[in-house]
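Working notes, beginning with the structure itself.
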Amino acid sequence: MLRGSRSHFRLTSITGRETSAYRPNSQASFLTLTLFTRLLLIYNSENAMEPRGLRSLPPLMTTICAILALLIHGARCFYLPGVAPEDFVKGDELKVKVNKLTSTKTQLPYSYYSLPYCRPSKILDSAENLGEVLRGDRIENSPYVFKMLERKMCHTVCRLKLDAKIVKEFKEKIDDEYRVNMILDNLPLVVPRQRLDQESPTVYQLGFHVGLKGQYSGSKEERYFIHNHLAFKVKFHRDLQTDSARIVGFEVKPLSVKHKYEGKWNDEKTRLTTCDPHGNVNSNTPQEVEEKKEVIFTYDVEFQESDVKWASRWDTYLLMSDDQIHWFSIVNSLMIVLFLSGMVAMIMLRTLYHDISKYNELETQEEAQEETGWKLVHGDVFRPPSNSDLLCVHVGTGVQFFGMTLVTMIFAILGFLSPSNRGGLMTAMLLLWVFMGLFAGYASARLYKMFKGTEWKKTAFRTAFMFPGIVSAIFFVLNALIWGQKSSRAVPFGTMFALVFLWFGISVPLVFVGSYIGLRKPAIEDPVKTNKIPRQIPEQAWYMNPAFSILIGGILPFGAVFIELFFILTSIWLNQFYYIFGFLFLVFIILIVTCAEITVVLCYFQLCSEDYLWWWRSYLTSGSSALYLFLYATFYFFTKLEITKFVSGALYFGYMLIASYAFFVLTGTIGFYACFWFTRLIYSSVKID
């Protein structure tokens, strides 16, 4: 059921409870959706008059228009909250959970209790999915006790005496700018920051810093201070009918307070002189991190009613102030691709039409012997390439990646992989990769059979083990380095066993099943016969040199995605949310088109220069964009990140190497199939004697 106004839609269930939110980016996007919807309704209505522009519009086009309108309209903000809403009444216990300590300077997360913070009587680990474990999430219970709508002021948690080891641990975390992450009702803790421009919306930063460094007035010596007092603010939305409430915000203001008390310490019964009877905290003197000193951890809890409904509570977390950059980049890329497509279509169609007409009009044997251009190599163009089995393996792996990427984006656009579902995106990608092994085996076997290969089991084995084996080798080395740092990102033995089981128990058998199915299909027949003796390739011009043309071919696909790549890297390495999957899907479509177009154009030029070795070059032409991706990642490392430690740098470049390799097989496969379709099309259109 859909209800709403021009500025805000709500998806509601049969019971009337809000289950998700769908906000348009602006009034323009709403008008776009409205326009497309009205045109479609007019076109499909039997009683309505057809507008002149829609009389020849086929039903398929109306569907495409509707999908495009919905995609543009929800390009960055369609999401499902991920959990069912929970109602609270006054006095209900609110479970505050603690998550990992994170730092953008080290990229190495640690569990909350790796620091000697106050602990509950018993530490309980929350259930974690595969993606959470791989991300280093460690969700555990905390000593903070909240009661719904019950205010607490200057409540003592515990007292900690600092020794040399504890001081060293806290100072290291403060130096590396570590943040403490907490969760309440599936909402992450945020620190509101007001921008200098008062009219701009408030910025929310995930987690609060362990502490800070500063100097006393009149002193040049730098001191370390710990945030030991947390002023929590829980925002809630009240249901007037049931008088229950739902949590819609979880904020904190961290303070460093040197607490004082009278007499001997007696846990929570001791009265702190730094807190007045009204609960106000005297924060004039901060708490230093020094040996033999004591730290008293306290907190406040206040509740604030909010007009924000539960279905929209993630809007503040997902607030994006730079959405105009995304729109400009998308429009710019689309204009470039449309212009390129028009030019390619005009040149290729006119040139190919002229070539095919010319070749088909040859009548005498003398004229046939004088043929030039791409028709001249018809007897060699479908000759199996060198290392054809390796090409089949890479194509099969690329098909596996393409299927995983496409299905993941569809689920993400539909809202099933929203940021509120922690680890859901990574878990979905891993599972989809495993099950897409069926298509990897099928694609590699079909191509291998066309090359008249005889050792299909060997090819299937390499398809199942080559890419995962390389990635696993890099992953194990990085995991060993992380283990040495005792970071929570280190994958435990149980999770490692699960990954190995997914690989050997599911993915490998599916690859062999796909290969068996592909081999049972009839072999793909070439449109022309292949000569027994290979033709000599004439000397090529400098600009048709394989290395040069391959490097040139990778620039355009990378140029279509590098702006969005900046936001992806920022979300991964600067601990921010990425949820604009609509934009990402549009960029993915643009990437497919550019890879296909640039590969087809360069393949045509190659064939016209009588060079028929197009198999590997078509794969490498678009696949070379991965080289530019890795170079851009290197540039991003030195310009945007503050990583100085060896393990952190190795972690970054190791994972970006894996990402670049995956991008290589994906884009290379797209270019290969585009060129494969193109060559079969043109050689089946001419008469060959």
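Quick notes
- A single member of K97, K105 is outside any loop (DSSP other than H, G, I, E, B) and at pLDDT 90 or above, and it is K97.
- Where a residue in the stretch 381-406 is at pLDDT 95 or above and its partner, wherever it lies, is surrounded by fewer than 19 Cβ atoms within 10 Å (Cβ to Cβ) and assigned to a helix (DSSP H, G or I), with Cβ under 6 Å and at least six apart: V393/M466; M404/L432
- For the stretch 452-493, the set of residues classified as touching a Pro at 6+ places or on another chain (Cβ under 8 Å) and surrounded by fewer than 20 Cβ atoms within 10 Å (Cβ to Cβ) consists of K452 only.
- Taken over the stretch 258-272, the criterion of being of a type outside the set (A, V, I, L, M) and touching a Phe, Trp or Tyr at 6+ places or on another chain (Cβ under 6 Å) is satisfied by T270 alone.
- Of the numbered criteria (1) open to solvent by less than 50 Å² (accessible area, probe 1.4 Å); (2) polar (S, T, N, Q); (3) in a loop (DSSP other than H, G, I, E, B), the one S515 fails is (3).
- Failed condition for S444, given (1) out of contact with any Gly (no Cβ under 8 Å at 6 or more places or on another chain); (2) part of a helix (DSSP H, G or I): (1)
- Any chance R446 is under 30 Å from L519 (Cβ atoms), touching a residue at least 40 places away in the same chain (Cβ under 8 Å) and not aromatic (F, W, Y): yes
- Residues that are open to solvent by less than 20 Å² (accessible area, probe 1.4 Å), under 23 Å from D125 (Cα atoms) and part of a strand (DSSP E or B), drawn from the stretch 136-174: S142, Y144, F146
- Every residue from the stretch 630-689 that is under 30 Å from F605 (Cα atoms) and of a type in the set (D, E, K, R): R680, K687, D689
- Total residues in the stretch 67-88, condition open to solvent by less than 70 Å² (accessible area, probe 1.4 Å), modelled with pLDDT of 50 or more and part of a loop (DSSP other than H, G, I, E, B): 3
- Residue in the stretch 189-204 that is in a loop (DSSP other than H, G, I, E, B), within 26 Å of the chain's Cα centre (by Cα) and of a type in the set (S, T, Y) present: yes
- Within the stretch 588-610, the set of residues being without any contact (Cβ under 8 Å) to a residue 24 or more places away in the chain and either hydroxyl-bearing (S, T, Y) or under 13 Å from F678 (Cβ atoms) (or both) is empty.
- Filtering the stretch 494-512 to residues that are of a type in the set (F, W, Y) and either in contact with a Pro (Cβ under 7 Å, 6 or more places away or on another chain) or open to solvent by less than 80 Å² (accessible area, probe 1.4 Å) (or both) leaves W503, F512.
- If only residues of the stretch 536-574 that are open to solvent by less than 60 Å² (accessible area, probe 1.4 Å) and among the polar types (S, T, N, Q) are counted, the one that is farthest from Y636 (Cα to Cα) is Q540.
- Top-ranked residue in the stretch 386-414 [being polar (S, T, N, Q) and assigned to a helix (DSSP H, G or I); ranked as farthest from G518 (Cα to Cα)]: T408
- Contacts under 7 angstrom Cβ, first residue in the stretch 670-681 being within 17 Å of D611 (Cβ to Cβ) and of a type outside the set (A, V, I, L, M, F, W, C), partner open to solvent by 20 Å² or more (accessible area, probe 1.4 Å) and modelled with pLDDT under 95, 6 or more apart: G671/A596
- L417 of a type outside the set (F, W, Y) and part of a loop (DSSP other than H, G, I, E, B): yes
- Count - residues of the stretch 253-279 that are open to solvent by 80 Å² or more (accessible area, probe 1.4 Å) and in contact (Cβ under 8 Å) with a residue 60 or more places away in the chain: 4
- Of all the criteria given as (1) in a loop (DSSP other than H, G, I, E, B); (2) more than 18 Å from M429 (Cα to Cα), the one not satisfied by V491 is (2).
The values are calculated or read from the model by the stated rules, or taken from the named source; none is laboratory data. The model shown is predicted, which means the values in this text are computed figures rather than measured ones. Backbone-built Cβ (ideal geometry, glycine too); neighbour counts: all protein chains shown. Surface accessibility is based on the protein's heavy atoms, side chains included, excluding ligands, DNA and RNA. Shrake-Rupley method; radii C 1.70, N 1.55, O 1.52, S 1.80 Å.
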